[in-house]
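Worksheet: one structure, shown below.
The values are calculated or read from the model by the stated rules, or taken from the named source; none is laboratory data. Being a predicted model, the structure only gives us computed values, none of them experimental. No Cβ is skipped: glycine too gets one built from the backbone with ideal geometry, and neighbour counts run over all protein chains shown. The protein model used for the area step is the full one, side chains on, heavy atoms only, and it has no ligands, DNA or RNA in it. Shrake-Rupley method; radii C 1.70, N 1.55, O 1.52, S 1.80 Å.
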Amino acid sequence: MIVTYNWLKEFVDFDLTPEALADLLTMIGLEVEGIQKVGAELDDVVVAIVREKAQHPNADKLSLCQVDNGKEVLSIVCGAQNFKAGDTVALAQIGAVLPGDFRIKRSKIRGSESFGMLCSEKELGLAEESEGIMILPAGLPLGTPAFEALGLKDVIFEIGLTPNRADCLSVIGIAREIAAMLGKKVKYASHPVMESGSAIHDSARIRIDDPDLCPRYMARYVTGCTIGPSPAWMVTRLNAVGLRSINNVVDITNYVLLEYGHPLHAFDYRLLAGGTVIVARAAEGETFVTLDGQERVLTSQDLTIRDAERAIALAGVMGGENSEISATTTDILLESAYFAPSAIRRTARRLGMHTEASHRFERGADVSILPRALDRASSLMAELAGGTVAVGTIDVYPSTIQPRMVSVRLERIERILGIKIPADDVKRIFHNLEFAVECPEPGIFHVTVPTCRVDIEREIDLIEEVARLNGYENIPVTMPKVRTFSDRPSPHQALERKLRDLFIAHGLSEVINYSFINPVILDKILLAEDDPRRKTIKVLNPLSEDQSVMRTTLLPGLLETTARNVSFRLMNVQIFEMRRVYLSADDQELPNEPVYAAGILTGLRDPESWNRNAELLDFYDVKGMLENIFDTLGVTSVRFESRELATFYHPGKASSVFIGEELIGSFGEIHPTVQENFAVEKPLYYFEIHFEKLLSFCREVTSVSPPPRFPETFRDIAMLVEDDIETGVILDAIKGNTIKEIENVELFDLYKGKGIPEGHKSIAVRVRYRSPERTLTDEEVNRLQEQVVQNLLKKINVTIR
């Protein structure tokens, strides 16, 4: 909110310096974020009068003027032609620095010396554009700083308001706070409206079809207006607070908006079909063109202002092109209404429209100020636009909104604030805030809160008002009591920290993505139609469609993060995330929220160097990382099988992870179509692990075996198997023997090609034998090897080579 020092002084008497006023506002919760002094650096621009104006002897378009500043007559060369001898002007003397750091110097122009410059409104920062120099009112004292003589010296305050303080989105609202703090009264001006002619009821009719969304609607009818520029004082004040002057009628509605904090809207009465205004919801899919020229598609949840045929305004947000004020407008229907904040907030957010009106309505306007704001605007239209105000007002108010009554206890105030405050001081604070107070018994206050204070709902809100007005600086500083306790992590927390450290140790970086996703992204990752993760949980009030449902997998967020990094040419991406997903459960009200650990790897295995070639990461890098992590966590009986895989994996390049018969996760290369959907060219490798399931298989105590005392012996087995037989099945078959001397089995060769039958592959495994009791002989190892081969032939269809 932007206000000016002089504007505030119109409503409350105070003699604080601008700096002291800024401190006071900040201390009562209205933080002043910036101060700008208007005209403070322009005292060298003074009031002067043009004594003579003659043609420049060496230039057709220049004038040579003699200008009197009250002390001396100076020769000035000027190019403007909109003035004459005898006019009072603003003279920038030598040494003056104008806005834009333009310094005035003595100069020679076409052979004639110039000892200053006659200024326009634009050059003084008072307007965006101006034609010619600024002509001042006659009779101003010569030599006086022009800004001081015109009353334009002012201080602009930029105030940062919290969303709950809708009452301070106006000059009067902030003046009310100053008056309350200083113990003064607000000077509420009366704005008598000179009514004449016919009654408004003869020309206009108002109907509210949805009183829940529009509890009150008022209107006045002003005829015979002349649309034109606003007076200088209004233009200057609007410019000071950042609003551009449009025309006198529109400027009046903006001026009252800033002064009273209540949005008004002016309709061109000639464009209203039947002179009728109806407040009703839009039809589903209805289109409407707002004042900014944009066509909006409305829903049945959007509240509109309509005439007898069509929508003419989007209630509380913006008017329509079909009823806007134009240069030919003469008759005006002026609206002053109150709309439900939730309705305005919903429409403004859905359409992406944030206006001065919606900003106030969605925070909560003052339903009681409607007639005062309406009369203020009507009187200004009569004064500045030459309009005639019809007799009476239309006030449709089906159910009166009463001020809220909230009780507060003195004992509770003192306990919350930690200080003793006399009951009389509490009552004085409430009176200064214009709250009506009754004390049915000592220490109990029944406070009637005016309708402008929509933020006061509970006892604690009144306690905050007492704290503000009594002064936060009067609350003593005390050290809080601190109790120490053991922060031993739970097994869940301990594993989470350990797993996070293991990912980081393997070179991955942790990311944190939003828990909300766009449901369309599930199509982008090719999630199967029958996948339970498609059953998402919708957010009731999403910030946007991109965040409208809760995520059921961590993959979308990781893919978007990877794609964003790749788009910035960060080609080597290795990231992980440990967060909850939200899975819908038919048999319970709330969703299941399991924690998953997931990650994506892409790019080079190691940075390219002079002594090694660059190699891309592959499937086995991810597999090896997971095996290392499982081994570190003491997880045994891990199996990798290519079944129960999601459709977002590349067929034949992914694996599920089982511990025993429990599926705990999966990993593999992302499907090429998914990569294309996210504009990533290099292969992406993804893994996800169900954290809670993994926790149940981790061993808290890791067993340690002494180094073996006896030597090991190796035997190799080469075999021919069909392509669809997984290597893991063969390894499990060998490890499943009851031969205790088998210490380890590992694959060391896999071949397909020349010499191998179609549909088959050649596999070679190495079996390591060792006895913990003695050294095995060759004969013993050969017998064990033969036993292993025979068991393998019985279990699996293989051909020993």
Region 30-41 - residue that is surrounded by 15 or more Cβ atoms within 10 Å (Cβ to Cβ) and modelled with pLDDT of 90 or more and, of those, farthest from Y5 (Cα to Cα): L30
Candidate set from region 408-433 (those that are assigned to a loop (DSSP other than H, G, I, E, B) and either within 24 Å of V186 (Cβ to Cβ) or without any contact (Cβ under 8 Å) to a residue 60 or more places away in the chain (or both)); member that is nearest to the chain's Cα centre (by Cα): L433
Residue count for region 438-477, restricted to those that are assigned to a loop (DSSP other than H, G, I, E, B) and either in contact (Cβ under 8 Å) with a residue 60 or more places away in the chain or in contact with a Gly (Cβ under 8 Å, 6 or more places away or on another chain) (or both): 9
Subset of region 202-242 that is under 19 Å from S120 (Cβ atoms) and of a type in the set (S, T, N, Q) - its residue that is farthest from the chain's Cα centre (by Cα): S230
Some residue of region 565-577 being acidic (D, E), part of a strand (DSSP E or B), under 16 Å from F516 (Cα atoms) and under 28 Å from the mean Cα position of the chain (by Cα): yes
Test: residue in region 326-334 that is modelled with pLDDT of 90 or more, touching an Asp or Glu at 6+ places or on another chain (Cβ under 8 Å), farther than 18 Å from I208 by Cα and polar (S, T, N, Q): yes
Any hit, region 224-241, residues being closer than 24 Å to A365 by Cβ and not in a helix (DSSP H, G or I): yes
Members of region 534-580 found to be touching a Lys or Arg at 6+ places or on another chain (Cβ under 7 Å) and free of Cβ contacts under 8 Å to residues at least 40 places away in the same chain, listed by number: S548, V549, T552
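Test V638 against the criterion of being β-branched (V, I, T) and at pLDDT below 90, and give yes or no.
Yes, satisfied.
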Tabulated pairs, region 90-107, first on the phi < 0 side of the Ramachandran plot and of a type outside the set (A, V, I, L, M, F, W, C), second open to solvent by 40 Å² or more (accessible area, probe 1.4 Å) and part of a strand (DSSP E or B), C-beta under 6 angstrom, 6+ apart or interchain: R103/V97
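Go through region 745-761 and report how many residues are within 18 Å of V788 (Cα to Cα) and surrounded by 13 or more Cβ atoms within 10 Å (Cβ to Cβ). Working first, answer last.
Initial filter on region 745-761 (within 18 Å of V788 (Cα to Cα)): 745-748.
Checking the rest, the ones that are also surrounded by 13 or more Cβ atoms within 10 Å (Cβ to Cβ) come to 745, 747.
Qualifying residue count, region 745-761: 2.
Checking the structure you have, find out if any residue of region 658-670 is part of a loop (DSSP other than H, G, I, E, B), within 37 Å of the chain's Cα centre (by Cα), among the aliphatic types (A, V, I, L, M) and surrounded by 17 or more Cβ atoms within 10 Å (Cβ to Cβ). Walk me through it before giving the result.
Of all residues in region 658-670, those part of a loop (DSSP other than H, G, I, E, B) come to 660-661.
Checking which are within 37 Å of the chain's Cα centre (by Cα) leaves us with none.
No.
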Top-ranked residue in region 42-62 [being within 53 Å of the chain's Cα centre (by Cα) and open to solvent by 50 Å² or more (accessible area, probe 1.4 Å); ranked as farthest from K153 (Cα to Cα)]: D44
In region 291-308, residue most open to solvent (accessible area, probe 1.4 Å) [restricted to those that are assigned to a strand (DSSP E or B) and either within 12 Å of D209 (Cβ to Cβ) or out of contact with any helix residue (DSSP H, G or I) (no Cβ under 7 Å at 6 or more places or on another chain) (or both)]: E295
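For region 97-119, which positions are within 41 Å of the chain's Cα centre (by Cα) and either open to solvent by less than 60 Å² (accessible area, probe 1.4 Å) or over 19 Å from I76 (Cα atoms) (or both)? Reasoning before the result, please.
First pass over region 97-119, keeping only residues within 41 Å of the chain's Cα centre (by Cα): 97-102.
V97, L98, P99, G100, D101, listed by residue number.
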Count of residues meeting criterion [acidic (D, E) and part of a helix (DSSP H, G or I)] in region 248-277: 2
Checking L30 against (1) of a type outside the set (D, E, K, R); (2) under 53 Å from the mean Cα position of the chain (by Cα); (3) over 30 Å from R176 (Cβ atoms), the condition it does not meet: (3)
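Give L522, L495 a once-over and let me know the one that is at pLDDT 90 or above, on the phi < 0 side of the Ramachandran plot and either touching a helix residue (DSSP H, G or I) at 6+ places or on another chain (Cβ under 8 Å) or surrounded by 12 or more Cβ atoms within 10 Å (Cβ to Cβ) (or both). Quick ask: steps written out before the conclusion?
On the way: L495 fails: at pLDDT 90 or above.
Only one candidate qualifies: L522.
Would you call L74 open to solvent by less than 30 Å² (accessible area, probe 1.4 Å), at pLDDT below 90 and either in contact with a Leu (Cβ under 9 Å, 6 or more places away or on another chain) or of a type in the set (K, R) (or both)?
On the way: open to solvent by less than 30 Å² (accessible area, probe 1.4 Å): yes; at pLDDT below 90: no; either in contact with a Leu (Cβ under 9 Å, 6 or more places away or on another chain) or of a type in the set (K, R) (or both): yes.
Considered against the rule, which asks whether it is open to solvent by less than 30 Å² (accessible area, probe 1.4 Å), at pLDDT below 90 and either in contact with a Leu (Cβ under 9 Å, 6 or more places away or on another chain) or of a type in the set (K, R) (or both), L74 comes out as no.
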Neighbours by Cβ (under 9 Å, 6+ apart or cross-chain): first from region 7-26, within 22 Å of N239 (Cα to Cα) and open to solvent by less than 10 Å² (accessible area, probe 1.4 Å); second at pLDDT below 90 and among the acidic types (D, E): W7/D154
Filtered residue count, region 514-541, keeping only those that are charged (D, E, K, R) and in a loop (DSSP other than H, G, I, E, B): 4
Residue within region 358-373 that is more than 27 Å from I456 (Cα to Cα), under 33 Å from the mean Cα position of the chain (by Cα) and either hydrophobic (A, V, I, L, M, F, W, C) or surrounded by 22 or more Cβ atoms within 10 Å (Cβ to Cβ) (or both) present: no
Elements of type strands (runs of 3 or more DSSP E) in region 1-112, at least 2 residues being acidic (D, E): 31-38
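With respect to T713, is the statement that it is crowded, with 20+ Cβ neighbours inside 10 Å, polar (S, T, N, Q) and either more than 30 Å from D530 (Cβ to Cβ) or modelled with pLDDT under 90 (or both) true?
Numbers: crowded, with 20+ Cβ neighbours inside 10 Å: yes; polar (S, T, N, Q): yes; either more than 30 Å from D530 (Cβ to Cβ) or modelled with pLDDT under 90 (or both): yes.
So T713 fits the description; yes.
Within region 718-729, does at least one residue satisfy the condition of being crowded, with 18+ Cβ neighbours inside 10 Å, hydrophobic (A, V, I, L, M, F, W, C) and under 21 Å from R766 (Cα atoms)?
Taking region 718-729 as the starting set, the residues that turn out to be crowded, with 18+ Cβ neighbours inside 10 Å are 719, 721.
Next, only the ones that are hydrophobic (A, V, I, L, M, F, W, C) stay: 719, 721.
Then drop every residue that is not under 21 Å from R766 (Cα atoms), which leaves 719, 721.
Scanning region 718-729, I find at least one residue that is crowded, with 18+ Cβ neighbours inside 10 Å, hydrophobic (A, V, I, L, M, F, W, C) and under 21 Å from R766 (Cα atoms), so the answer is yes.
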Residue tally, condition out of contact with any Phe, Trp or Tyr (no Cβ under 7 Å at 6 or more places or on another chain), part of a loop (DSSP other than H, G, I, E, B) and either among the polar types (S, T, N, Q) or modelled with pLDDT of 90 or more (or both), over region 604-631: 3
Residue in region 616-644 that is most open to solvent (accessible area, probe 1.4 Å), counting only those that are farther than 17 Å from D606 by Cα and β-branched (V, I, T): T636
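Quick check on region 434-442. Is at least one of its residues of a type in the set (D, E, K, R), exposed (fewer than 12 other Cβ atoms within 10 Å of the Cβ) and over 34 Å from the mean Cα position of the chain (by Cα)?
Checking region 434-442: at least one residue is of a type in the set (D, E, K, R), exposed (fewer than 12 other Cβ atoms within 10 Å of the Cβ) and over 34 Å from the mean Cα position of the chain (by Cα).
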Boolean, V721 is more than 30 Å from V781 (Cβ to Cβ), β-branched (V, I, T) and modelled with pLDDT under 95: no
